[in-house]
Amino acid sequence: MTSIRRVVVTGLGAITPLGNTAPAYWEGLRAGASGAATITRFDPSKFKTRFACEVKDYNPDAYFDRKEGRKMDLFTQFGVIAADEAIADSGLLESGVNKDRVGVIWGSGIGGLKSLQEECFQFERGDGTPRYSPFFIPRMIADSASGNISIKNGFRGPNFVTTSACASSNDSIIAAFNNIRLGLADVMITGGSEAAITESGVGGFNALKAMSERNDDPASASRPYDKDRDGFVLGEGAGALVLEEYEHAKARGAKMYAELIGGGMSSDAYHITAPDPTGSGVVLVMQNALRDAGITAAEVDYINTHGTSTPLGDGAEIKAIEQVFGEHAEKLNISSTKSMTGHLLGGAGGVEAVACLLAMQHGVVPPTINLHTPDPEINQALNFTPNVAQERDVRVAMSNTFGFGGHNTSVIFRKL
Amino acid sequence: MSEIAEKVKAIIIDKLGVEASEVTPEASFTNDLGADSLDTVELIMEFEKEFNVSIPDDQAENIGTVGQAISYLEEHAK
C-alpha cells in the first residue's frame, strides 16, 4: 500500500512477567531473565502444568480506586495500565490533541476469562437462583479494554477489539495502522492484553497438550528451538503503542521510536489448532508484510518470532523464514522473547512490538533463552541470539505472531 | 443504629468506595454517592444476598437513598 500518510510510534507501555513498566520489561529482556514460576493465582496442585509467567507484585489499588478496579477484569486492568504508560510516554495529552481524532484498537484473544469463570462457578454453587453481577458482562467482554481506555482518556475516534487468538494484538496494530493511513484518525492507541492464568485457562490449554509440563524447572520450560522443548508457557500482561501520523507527531515535537512501515496478514486454511507444517501461510504473511512495507527481505535486521516453544510450530516458522529470506536468513538476528515472558496469547503482539522498538532504541537484540541443545531439525546456522543479548544496530525489525484458527500476522518497523 | 443499618452502611461503603461520613440516611446513591445504574443494581443484589430477601424490581426502584434501603430491609429482612 502506497500512502502519503506515514505512521510512527510515539509512545510505549508494558506490564509483563519481566517487569511492570516498559523500562523494567526491557531490563528483564536484556538480562535474559525468565518470568516463569509456580502459579500463585489459584491452587494448581491437580493440574498437569503448575507454573506460568505471572505479572509479579501486582496490586490493582496502586493503579485504580477500588470501585473502578472492581469493574474491570484483570486483562482490562493490564490494558489500561500499559496504555496509560504509553500515553504518558507520548506526551499526547499535554499537547492539546483533538481527541475526536484519537482512537483505540486493542487486541485480546479471550477477554475476561476469570470473570466468566467466577460467575459461572458462583451460579453452579448456588440453588439455581441467578445472582449474576451487573458488572459480569462488561467485565468479561473482550472489548472492555478498548472501551475503558477510551473512557478514561476521552478518546472519541475509532474503537474496537481484534480477536484472532494469539495473533490478536498484531491484528490490532495493523488495524490501527490502517485507520491512520486511511485518514480515519491521527493517533491510535493499540496493542493488547491477556490474563488467562486461571483454572479454566490452564486446564483448557493442558487439554490441548499445548503447554509445557516441565514442573520441576519452570524457568527453563520455555525453550524455543531447543530439542527438549515440550510446549508453551502461559504468560499474562499487556503491551501498548501510541501510533501517530508522522506530520502530526512532527508538528507537536513528539519523540519518535520508529516508523511502522508494513503489516501483513494471512491464513493457514489448514487446522483449527495445528500449524501447517510446511509453513506456507507463514511464508505468505511475511511476503505480504514486506510488500506492504515496500522493502526487500535483505533490509530486515531482526525478527522477533512467534516461537512459542511448541514442537511443531517453531520448526514451521523457521522453514518459512529460510524460504522468504534465502541467504539473508543467516545474517538476521532471530529471537523468541517468549522464552522469557511466556506466551501472552492475545497480548503477545503488543509486548513483542514493544520489545522490537526497544531493541531498535538500545541497539541490542534480546535473546532466546534456554537454548542449550539445538534441535537438529531446525537450521542452526541461523542466529537465534542464544541465551545472551547481542549488540546490533537494528534498523528494520519484523514481529511475527500466529494464532489458533490459522491466523498469521507480521508487522515491520524501521528506524527514522 | 440497628444491626441492619450497620450492615447496609458497610455494603454501601464497600461497593461504592465511599467514606463512612458520606453515608447519611438522606444520601442518594446516584446523586450523592457516585453510583451509576449498574452500581445501584449491584447494591440491591448485595442487600438481597446479605439479608436473604428477594426485592422485586418495582420495589427496588423506590430504594434510592441509604435511609430508604435501611427501612425497606428492617421491614423485610428475615
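Nothing in this text is a laboratory measurement; each read-out follows from the coordinates by a stated rule. Please read these numbers as outputs of a predicted model, since none were measured by experiment. Cβ atoms come from the backbone with ideal geometry, glycine included; neighbour counts cover every protein chain shown.
Just rank A:Asp65, A:Asp375, A:Asp127, fewest to most, by other beta-carbon atoms within 10 angstrom.
Ascending Cβ contact count within 10 Å gives the list A:Asp127, A:Asp65, A:Asp375.
Using Cα centres only, tell me the gap between segment A:134-150 and segment A:340-378 in whole Å.
29 Å
Ranking A:Phe232, A:Phe205, A:Phe160 by Cβ neighbours within 10 Å, fewest first, what do you get?
Placing the least packed residue first, the sequence is A:Phe160, A:Phe205, A:Phe232.
Could you list, bin by bin from short to long, the percent of Cα-Cα pairs of chain A in 20 Å steps?
Per 20 Å bin, starting at 0, the Cα pair percentages come out as 30, 59, 10, 0.
Less than 28 Å apart at the alpha-carbon level, and either on another chain or at least 8 residues along: which lysines does that give for A:Lys227?
Partners found: A:Lys46, A:Lys48, A:Lys209, A:Lys319, A:Lys331, A:Lys338.
Which value in deg cm²/dmol, rounded to the nearest 500, describes the helix-derived mean residue ellipticity at 222 nm for the protein assembly as shown, given -39,500 (n - 2.57) per DSSP H run of n ≥ 4 and division by the residue count?
-11000 deg cm²/dmol
Quick one: which of A:29-42, A:129-142 comes out on top by average Cβ neighbours within 10 Å, and what's the full order, highest first?
Descending packing order for the listed peptides: A:29-42, A:129-142.
Give me the mean projected area, in nm² to one decimal, of the convex hull enclosing the Cα positions of segment B:1-74.
Quarter of the Cα hull surface area: 4.3 nm².
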